[in-house]
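Structure first, then comments.
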Amino acid sequence: MADADIKKGLAGVVVDTTAISKVNPETNSLLYRGYPVQELAATQPFEAVAFLLWSGELPDAAQLEAFQKSERALRPLDERTVALLDLIPLDAHPMDVVRTVVSQLGTFDETLNRPGGWTDPDLDLGRALYLFAQLPTIVAAVQRRRRGLEPIAPRDDLDYSANFLWMTFGELPSEAAIDVFRISMVLYAEHSFNASTFTARVIASTTSDLYSAVVGAIGALKGPLHGGANEAVMHIFDEIGSAENVVPWLDDALAKKKKIMGFGHRVYKNGDSRVPTMKAALDRLIAESGRTDLGELYDALEKEFVARKGIYPNLDYPSGPAYNILGFETEVFTPLFIAARVTGWTAHIMEQAASNALIRPLSAYNGVDERHVS
Ligand code: SDX
């Protein structure tokens, strides 16, 4: 097979259809079940976006009320999960903690033991809602444990975004801050066959269970080339320190051929469709918090890197500083991405399970020629 026939990283390869989202680099657009993500970010609670991704339609008022009621009832952690959290080393990376806890949640699900229980679509919808409701409580508890603080119980009088912030900080920030957090969840929710979603689809394609597919997706998202980039962006900001240091820092980084996290994308080559919406949300936080230093650093690095490489920011670039201003620990940024993306992952897992097509590509052998034991 000629090298030209090999598509490393599956770059540019269309491997299947999906009805869940459409990423269009030509028009720099992203649709969730046909709706532009910017419209959803401007108008919908995150719970409605989860409903849309799973059902294909936005909920009416009655459906949203019922959905929120079900989700709120599933927020509290099982005491065995609280016990597990206390067994995990405090310095374990939050991505590893969340991956471990999600794996434990699967062991609580007795319906997995039913005949056909691994791939029952009705059971999977309930499992998706369960993980959607549990992840904020888990992520908030992880941040508080790292700070030597007791976890805070969820409140069923708060919507998804407000409750997430309440459990993390023990107080409610401004309406503007809650709204910025909501916008970040909507923007992070879904993005077609990205590496973690495709990982989930590969696992689902073997007729394995939803929890196993989500655990695999978490492992893929952890990498700084993918979801781990939002954490890496903040480490870069901390390393540069201030706008004045951008040029020398970038000179050194590029001389060492380093990848600058938060920039570039496999699909978008003229900018990530989600960035303008997230940057406007970040600007609201900068104005409210007075963190103009961070805004100046953000702008200086973007201007310098784009001028030198013609490579544009991706969603992780504005999301990192936004989560920093909201008060999240840097190592908790990618777990926030999990909490949002679990909606897209589970939509794809259910779509893949329905398609019943095992994912198993070919490889071109380039090892030693056949030989025999003497
Ligand atoms: C996400 O796929 C999705 O949809 C992902 C995501 C989602 O919502 O699920 O959008 C979320 O993962 C966003 C991406 C987050 N990752 C980063 O910010 C990490 C930094 N970015 C790069 O590693 C890179 O841009 C990738 C991995 C994101 C995409 O890279 P590609 O398409 O594989 O292209 P490439 O790495 O081959 O780069 C082409 C050239 C190379 O130069 P040469 O070796 O040809 O000289 O551009 C350079 C790269 O070195 N380049 C960069 C760069 N990104 C590309 N150089 C420095 N810094 C960068 N960030």
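The values are calculated or read from the model by the stated rules, or taken from the named source; none is laboratory data. Because the structure is predicted, anything quoted here is derived from the model rather than measured. FYI the Cβ positions are ideal-geometry reconstructions off the backbone, even for glycines, and counts take in every protein chain you see. Just the protein is used for accessible areas: all its heavy atoms, side chains included, with ligands, DNA and RNA removed. Shrake-Rupley method; radii C 1.70, N 1.55, O 1.52, S 1.80 Å.
Below are the figures for this structure:
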| read-out | value |
| --- | --- |
| Residue within the stretch 307-322 that is in a loop (DSSP other than H, G, I, E, B) and either surrounded by fewer than 17 Cβ atoms within 10 Å (Cβ to Cβ) or more than 16 Å from the ligand (Cβ to nearest atom) (or both) present | yes |
| Qualifying residue in the stretch 333-351 (condition: farther than 30 Å from residue 117 by Cα, part of a helix (DSSP H, G or I), more than 11 Å from the ligand (Cβ to nearest atom) and not assigned by TED's automatic domain parsing to the domain that holds residue 178) | yes |
| Subset of the stretch 15-30 [modelled with pLDDT of 95 or more, within 14 Å of the ligand (Cβ to nearest atom) and open to solvent by 40 Å² or more (accessible area, probe 1.4 Å)] | 15, 18, 22 |
| Residues of the stretch 31-47 satisfying the condition of being open to solvent by less than 60 Å² (accessible area, probe 1.4 Å) and either in contact with a strand residue (DSSP E or B) (Cβ under 7 Å, 6 or more places away or on another chain) or more than 26 Å from residue 357 (Cα to Cα) (or both) | 31, 32, 36, 37, 40, 41, 44, 45, 46, 47 |
| Some residue of the stretch 276-283 being more than 10 Å from the ligand (Cβ to nearest atom), within 17 Å of the chain's Cα centre (by Cα), closer than 28 Å to residue 216 by Cα and not assigned by TED's automatic domain parsing to the domain that holds residue 176 | yes |
| First in the stretch 211-227 and within 13 Å of residue 98 (Cα to Cα) and free of Cβ contacts under 8 Å to residues at least 24 places away in the same chain, second anywhere and assigned to a helix (DSSP H, G or I) and open to solvent by 10 Å² or more (accessible area, probe 1.4 Å), Cβ under 9 Å, 6 or more apart | 216/199; 216/202; 216/203 |
| Test: residue in the stretch 131-147 that is open to solvent by less than 20 Å² (accessible area, probe 1.4 Å) and either over 30 Å from residue 37 (Cα atoms) or touching a Cys at 6+ places or on another chain (Cβ under 6 Å) (or both) | no |
| Some residue of the stretch 145-160 being over 27 Å from residue 274 (Cα atoms), in contact with a helix residue (DSSP H, G or I) (Cβ under 7 Å, 6 or more places away or on another chain), in contact (Cβ under 8 Å) with a residue 60 or more places away in the chain and in a helix (DSSP H, G or I) | yes |
| Filter pass, residue 86 being under 20 Å from residue 199 (Cα atoms), among the acidic types (Asp, Glu) and open to solvent by 30 Å² or more (accessible area, probe 1.4 Å) | no |
| Single unsatisfied condition, residue 367 versus (1) touching a residue at least 24 places away in the same chain (Cβ under 8 Å); (2) at negative phi | (1) |
| Unique match (being over 26 Å from residue 13 (Cβ atoms) and at pLDDT 95 or above) among 195, 229, 200, 243 | 243 |
| Neighbours by Cβ (under 9 Å, 6+ apart or cross-chain): first from the stretch 164-187, free of Cβ contacts under 8 Å to residues at least 24 places away in the same chain; second of a type in the set (A, V, I, L, M) and not in a helix (DSSP H, G or I) | 166/152; 166/158; 166/172; 170/149; 170/152; 172/158; 178/172 |
| Residue match in the stretch 166-178 (condition: within 10 Å of the ligand (Cβ to nearest atom) and open to solvent by 10 Å² or more (accessible area, probe 1.4 Å)) | no |
| Flag if residue 43 is of a type in the set (Val, Ile, Thr) and farther than 24 Å from residue 201 by Cβ | yes |
| Residue within the stretch 284-305 that is touching a residue at least 40 places away in the same chain (Cβ under 8 Å), assigned to a loop (DSSP other than H, G, I, E, B) and within 16 Å of the ligand (Cβ to nearest atom) present | no |
